[in-house]
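Okay, so here's the structure we're looking at.
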Amino acid sequence: MPGSSQRKGAIRKKPRGNPTAGSGGRVRRGLEGKGPTPKAVDRVKHPAHKRAKAKERAQERERTRRPARRDTDSSVEWVYGRNPVVEALRAGVPVAALHVAEGTERDARLREALHVAVEHGISVLEVPRAELDRVTAGGAHQGVAVQIPPYEYAHPDDLLSRAYDAQEVPLVVALDGVTDPRNLGAITRSAAAFGAHGVLVPERRTASMSASAWKTSAGAAARIPVARATNLNRALKSYKDAGLLVVGLDMGGGVELPELEAATEPLVLVVGSEGKGLARLVRENCDLIVSIPMTSATESLNAGIATGVALYEISRRRAS
């Protein structure tokens with residue numbers, strides 16, 4: 001009826017007043033696609049991303065603590081050449097494997113090296129000559145080389161434990177600035193011969209247990225432990241706290257070796273380098289400085305010989 005109802009299908013008019021503001025396209029832009037959804041590990045706030053980052057940090061700490069070992073690592077040593085290899089095998093130097101280049105002529109020295117290797121259960125590997133050229137940095141290897149694995153150093157406390165386990169008065173030899181591996185080998189040999197319970201070396205600026213040290217020790221390095229200290233002075237203070245007397249061996253000592261009454265007490269014998277002697281801080285940490293009496297015509301003894309003389313005198317006094 002006219003005036004009473006709206007005709008069916010008619011368009012409803014908007015009421016008069018302020019017009020509704022449009023979105024200006026914002027809604028449409030919000031509905032547009034933003035590309036593929038990032039992976040969980042790539043989303044900064046996602047737990048998977050946090051776990052991945054934590055794993056990376058842990059791996060980085062592990063790499064810093066235990067760097068990857070390579071053939072060029074300073075802890076790995078190659079001995080090459082027929083005479084050096086035979087001498088190392090004769091001396092009982094620990095060898096990982098004997099490497100022989102393909103096509104190498106077998107003379108008497110190589111046959112002896114092969115015989116000793118087989119006798120001691122050492123693996124014999126035939127490798128391309130180019131491989132030996134690489135690991136020896138182009139050295140004159142004569143077709144044969146052996147790899148010396150890193151020496152397993154003891155802890156400074158292990159030397160005291162060795163003495164206590166044997167129910168003996170502790171005797172430790174500590175080295176300060178001894179850089180010649182042959183001196184280290186000779187000192188290790190004397191320490192084993194005269195009843196010391198181990199040799200202590202600092203971590204830096206010192207000789208290491210290389211093939212040369214092993215050969216000079218004449219097998220003693222397999223019978224007596226060599227310990228490594230991160231800080232020599234700290235290790236000496238620890239020994240003093242354990243009741244040991246720290247005795248430095250130096251030309252300018254106030255007590256001559258034959259007059260060392262404390263030889264029968266628990267001792268640490270500290271030996272300095274031939275040229276510089278004991279370092280200042282090491283000298284200050286010593287309870288006594290002992291010298292070896294010599295004629296005026298002799299300036300000094302090298303570290304290996306001086307240590308042998310001192311250890312003999314200490315051993316003689318302990319036996320009497």
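The values are calculated or read from the model by the stated rules, or taken from the named source; none is laboratory data. Note that the structure is a prediction, hence the values are computed from the model and not measured. Cβ sites come from the backbone with ideal geometry, for glycine too, and all protein chains shown count toward neighbours. We work out accessible area using only protein heavy atoms, side chains counted, and drop any ligands, DNA or RNA first. Shrake-Rupley method; radii C 1.70, N 1.55, O 1.52, S 1.80 Å.
Summary of computed values
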quantity: Total formal charge among the other residues, if their Cβ is under 9 angstrom from that of residue 202, Lys/Arg +1 and Asp/Glu -1; calculated: +1
quantity: Cα-based shape type of segment 178-320, given that a ≥ b ≥ c are square roots of the gyration tensor eigenvalues and the cut on a/c is 1.5; calculated: rounded
quantity: FRET efficiency, 1/(1 + (r/R0)^6) with R0 41 Å, evaluated for residue 166 and residue 120 via beta carbons; calculated: 0.90
quantity: Rounded accessible area per residue of segment 167-320, 1.4 Å, Å²; calculated: 46 Å²
quantity: Segment 167-295 - percent relative contact order, Cα under 8 Å, separation 6 or more; calculated: 31 percent
quantity: Linear extension gain, residue 151 paired with residue 318, 0.36 nm per residue minus alpha-carbon span; calculated: 57.0 nm
quantity: Computed over segment 87-196, Cα set: Rg, Dmax in Å; calculated: 18.7, 56
quantity: Cβ-based net charge around residue 215, under 11 Å, with every Lys or Arg adding one and every Asp or Glu removing one; calculated: +2
quantity: Distance in nm between pseudo-label sites at residue 158 and residue 55 (7 Å out along the Cβ direction from Cα); calculated: 3.5 nm
quantity: Two-site FRET efficiency, residue 44 against residue 97, from Cβ-Cβ distance with R₀ of 35 Å, rounded to 0.05; calculated: 0.10
quantity: Net charge of Cβ neighbours under 13 Å - reference residue 265; Lys, Arg +1; Asp, Glu -1; calculated: 0
quantity: Cα gyration tensor, segment 268-320 - rounded (a/c under 1.5), prolate or oblate; calculated: oblate
quantity: Over 18 Å [Cα-Cα, segment 209-277], rounded percent; calculated: 56 percent
quantity: Bins of 5 Å, starting at 0 and running to the largest distance - Cα pair percent for segment 191-234; calculated: 5, 22, 28, 24, 16, 5, 0
quantity: Per-peptide average of other Cβ atoms within 10 Å, ordering 132-139, 242-249, 111-118, 193-200 highest first; calculated: 193-200, 242-249, 111-118, 132-139
quantity: Sulfur and carbon atoms: percent of accessible area, segment 155-280 [1.4 Å]; calculated: 45 percent
quantity: Dipole of segment 92-219, positive direction: furthest Cα of 113, 93, 141, with charges on the beta-carbon; calculated: 141
quantity: 3J(HN,Hα) from dihedral phi, segment 170-180, Karplus parametrisation 6.51/-1.76/1.60, rounded to Hz, x for glycine, proline; calculated: x, 9, 10, 9, 10, 10, 10, x, 7, 9, 8
quantity: Value in Å of the Kirkwood radius, where segment 247-296 supplies the Cα pairs that are averaged; calculated: 11.2 Å
